[in-house]
1. What is the fewest-to-most order of ASP70, ASP112 by other Cβ atoms lying within 10 Å of their Cβ?
2. Over region 22-125, calculate the relative contact order: mean separation of alpha carbon pairs under 8 Å at least 6 apart, over the residue count, as a percent.
3. Lysines within cross-link reach of LYS75: Cα-Cα under 25 Å, excluding same-chain residues under 8 positions apart?
Amino acid sequence: MSYQQYEAYKNNSVNTASPGELTLMLYNGCLKFLKQAKKNINESDFEKKNVNIQKAQNIINELMVTLNQDTDIGKQMLPIYDYINYSLMQANVKNDISKLEEAYGLVEEFRDSWKEVLKQTRQQKYGDGARV
């Protein structure tokens with residue numbers, strides 16, 4: 001598959017995804033950037049580390065902005081997102097892998113929970129054959 005074909009596929013995936021699938025893509029993207037940032041710290045590539053942590057922060061900020069705060073779960077998630085963002089700032093400023101790993105763990109929990117919600121929603125809508 002050529003780069004242009006891959007980009008077209010990726011754009012089509014985003015353009016045709018449901019809001020729930022887009023949220024899952026955001027979580028996965030955030031995890032990818034955090035994993036890369038950890039690698040960058042270990043390799044002392046602090047410029048790339050900064051870029052990757054900022055990308056992860058942008059995703060967390062997007063999740064915060066789009067969070068429905070009229071619900072109890074939304075009110076409970078906002079401070080956790082805020083904490084993740086704070087942890088990422090600390091990881092970036094101090095090159096602190098433990099803060100990066102802590103943020104990764106929280107995002108991973110959100111991602112896994114969200115994936116399960118999507119799976120259950122599809123099963124209710126389409127039956128047992130649905131997959132995420």
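1. Details: ASP70 7, ASP112 11.
Ranking ASP70, ASP112 by Cβ neighbours within 10 Å, fewest first, gives ASP70, ASP112.
2. Working: 87 pairs, mean separation 30.9, N = 104.
The value is 30 percent.
3. LYS55, LYS99, LYS115, LYS119
Read-outs throughout are calculated quantities, based only on the coordinates presented, and are distinct from any laboratory measurement. Everything quoted here is computed from the prediction, not taken from an experiment. Here the Cβ is made from the backbone with ideal geometry for all residues, glycine too, and neighbour counts use every protein chain on show.
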